1. Just one of (1) buried (at least 21 other Cβ atoms within 10 Å of the Cβ); (2) among the β-branched types (Val, Ile, Thr); (3) over 30 Å from residue 78 (Cβ atoms) trips up residue 276, so point out which.
2. Which condition number in (1) part of a loop (DSSP other than H, G, I, E, B); (2) modelled with pLDDT of 95 or more is the one that residue 174 fails?
3. All but one of (1) of a type in the set (D, E, K, R); (2) under 22 Å from the mean Cα position of the chain (by Cα); (3) not in a helix (DSSP H, G or I) hold for residue 146; state the number of the condition that does not hold.
4. Hey, which of the strands (runs of 3 or more DSSP E) in the range 25-124, taking only ones fully inside, have at least 3 residues that are of a type in the set (A, V, I, L, M), without any contact (Cβ under 8 Å) to a residue 40 or more places away in the chain and open to solvent by 10 Å² or more (accessible area, probe 1.4 Å)?
5. I want to confirm something. Restricting to the range 205-261 and keeping residues that are part of a loop (DSSP other than H, G, I, E, B) and either on the phi > 0 side of the Ramachandran plot or of a type in the set (S, T, N, Q) (or both), which single residue is surrounded by the most Cβ atoms within 10 Å (Cβ to Cβ)?
6. Applying the selection to the range 178-204, what residues are under 20 Å from residue 272 (Cα atoms), in contact (Cβ under 8 Å) with a residue 40 or more places away in the chain and surrounded by fewer than 19 Cβ atoms within 10 Å (Cβ to Cβ)?
7. Filter the range 279-305 down to the residues that are more than 21 Å from residue 219 (Cα to Cα) and open to solvent by less than 60 Å² (accessible area, probe 1.4 Å), then identify the one that is farthest from the chain's Cα centre (by Cα).
8. Can you tell me which residues in the range 270-316 are over 23 Å from residue 253 (Cβ atoms) and of a type in the set (Asp, Glu)?
Amino acid sequence: MFCSDNRGQLNTPWPAPDMIKLVSNHRELMKSMLEYDLLGFQTNRDVNNFLACLRSHLGLESKDGVVISKRGQTRCQKFPIGIDPKQFAEYLAEDLSPAEQEKVSSLLKSVEGTTLAIGVDRLDYTKGIDKKVEGFNQLLVKAEPRSISLLQIAPPSRADVEQYQRYRNEVESWVNQVNAEHGTDEWSPIHYKNESFSQSALARLYRAARVGVVTPLRDGMNFVAKEYVAAQDPKDPGVLVLSKFAGAAEDFNDKGALLVDPNRPEEITEAIWQAVNMPRQERIRRWRSMMEKLEAYTIHHWSADYLRELDKSQLRAAAVIAYDKVDRAHTELRGRPGEGEPLRL
């Protein structure tokens with residue numbers, strides 16, 4: 001979500017009316033948002049949820065995304081933020097530092113001879129890493145031994161918060177259990193990295209992975225899904241397994257990605273299995289469907305559209321102010337004795 005005149009951005013999904021009421025001072029929060037001329041949201045679902053919250057909790061109706069409050073008019077629209085797919089593809093050609101080159105080479109060597117699935121998520125409970133690990137564990141039961149690996153990159157997030165420290169310990173425990181059950185002294189099915197990688201390094205790892213597994217419980221958009229698609233080899237692309245609760249799912253849909261309920265590990269299992277065994281022509285068809293959408297609406301389109309709509313808001317506001325001034329002047333003239341001539345515009 002992002003707002004203007006004063007511009008800010010929050011890539012967090014807007015909850016439904018029954019959820020927002022659990023937030024302290026939710027009415028005051030919504031009232032403060034209506035101080036803006038233009039509110040941008042990542043998806044149609046977010047727009048609809050916000051308007052439903054205004055109706056349920058503030059008694060405000062809307063028409064075509066426009067809300068009238070005591071302050072004035074606020075327009076609510078969808079602006080799905082994109083990436084620059086051309087630039088991301090160019091990361092593949094950039095040189096890595098010697099240390100990072102060694103790290104990437106070592107990772108790829110450790111999964112050599114297996115089909116690679118990759119997940120890149122902040123270490124945050126909303127990203128559903130635990131459900132992903134559980135789904136992958138179920139996959140290992142049905143797959144041939146040492147035939148598939150998962151690389152899970154999980155950079156630290158809010159490391160000073162106790163609940164996040166606890167979640168980190170839980171994720172590491174789950175990974176260790178799966179590796180102990182299905183791995184050997186020489187090989188581990190899950191490679192877990194609690195650290196950050198550069199965009200150039202990620203681009204190489206995305207390209208090497210046959211499956212991108214992006215399964216947050218909720219997400220406003222999710223750049224990883226788009227970056228994974230942008231990094232693929234057009235002649236032999238991988239398959240995106242995507243949470244249907246990520247904002248990116250509204251654009252990619254089931255013609256491109258394999259959509260799953262991230263709360264159901266068995267769906268993640270089946271989707272990865274389907275991706276691993278998907279024929280090349282279907283993989284190309286699905287990739288093209290998603291890539292065309294990435295190229296049709298990049299981050300440059302996003303910013304231009306938003307600024308264009310903001311300009312419209314400012315022009316409308318100026319027109320309303322001018323009309324009010326003229327109307328007041330006309331009223332004053334009609335109210336003076338002997339001055340009944342109409343004001344001509």
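The values are calculated or read from the model by the stated rules, or taken from the named source; none is laboratory data. What you see is a predicted model; the values in this text were computed from it and never measured. Neighbour counts run over all protein chains shown; Cβ positions are idealised from the backbone, glycine included. Areas reflect the complete protein model, heavy atoms only, side chains present, ligands, DNA and RNA absent. Shrake-Rupley method; radii C 1.70, N 1.55, O 1.52, S 1.80 Å.
1. Here residue 276 meets the rest and fails (1).
2. (1)
3. Among (1) of a type in the set (D, E, K, R); (2) under 22 Å from the mean Cα position of the chain (by Cα); (3) not in a helix (DSSP H, G or I), residue 146 violates only (2).
4. Filter on the range 25-124 gives an empty set.
5. 215
6. Within the range 178-204, 181, 191 qualify.
7. 282
8. Residues satisfying the conditions are 309, 311.
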